[in-house]
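In what follows, a single structure is set out as structure tokens and then discussed.
Values in this text are rule-based calculations from the coordinates and carry no lab data. These figures come from a predicted structure and were not determined experimentally. Using ideal geometry, Cβ is built from the backbone for each residue, glycine included, and neighbour counts are taken over all protein chains shown.
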Amino acid sequence: MIANFKIVGGWIRNLLFGWICIVVTPVEARDSFTIFKTLGSPVEGLSGVSTNGDIASVVGDDNAIYSLVYLTGNGVDSTNDQGIVRVAPGGPVELIARKGQKVGGKTILQINDPPVVDSAGNVLFQVYLPSSPFSRIAYIHGKAGKLKIIAGENRPGPGGVGTLTSLLFERMNAGGQLAFLGYTATPQAM
């Protein structure tokens, strides 16, 4: 029996059924298992496209799993083979963002980290965006269809602190407040 805690997210290998994603929570004196989706589940709205591997998952306050996944199927190649998805219990695999998608006029070249999610279901994740002479790290925030770049290297920092030259990590709390560790060309508090 699992007591006073829960194991959430992730994919496990089952020799009989293949890869499955589970959430384990104690219920009274017994454990319960909820199968969200199996590996290879179709992605809603993308004909012939399915999940092909889970990189990392988090569970939101809405009890949905938010994951960085690999994609496979019709029209999928190295320019669009990653996605951020949401899967509610018994629901479809919903695509929030995808490698190759344009956000704020820039194309996502790679999704670097699994999402963090606030209590309203907004995600925050790190990507590479095109820039000259090389790609730059940026952070994207929001929901499907309402994503925006909120911080990025070689972009103006918040509050007029200058151009960000480096971003190291991000944090978002349940209330949606964001924090970044980054550098500008001159020392300044952020």
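Give a quick list of chymotrypsin sites (Phe, Trp or Tyr not before Pro) in the range 89-137 that DSSP marks as loop, anything other than H, G, I, E or B, with at most 16 other Cβ atoms within 10 Å.
On the way: sites: Phe125, Tyr128, Phe134; in loops: Phe134.
Sparse-neighbourhood loop chymotrypsin sites (Phe, Trp or Tyr not before Pro): Phe134.
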What residues have an amide H closer than 5 Å to that of Ala56, excluding those fewer than 5 places away on the same chain, when H is modeled at 1.01 Å from N in the peptide plane?
Leu68
Once Thr163 and Ser119 are pulled to full extension, the length gained, defined as 0.36 nm per residue separation minus their Cα-Cα distance, is 12.8 nm
Calculate one ³J(HN,Hα) per residue across the range 82-91 by plugging θ = phi - 60° into the Karplus curve 6.51 cos²θ - 1.76 cosθ + 1.60, and present them in order as whole Hz with x for glycine and proline.
10, x, 9, 10, 10, 10, 8, x, x, x
If the convex hull is drawn through the Cα atoms of the range 54-134, its volume per residue in Å³
101
Counting only residues 5 or more places away or on other chains, whose amide H sits under 5 Å from the amide H of Gln82 once H atoms are built in the peptide plane?
Leu71, Lys99
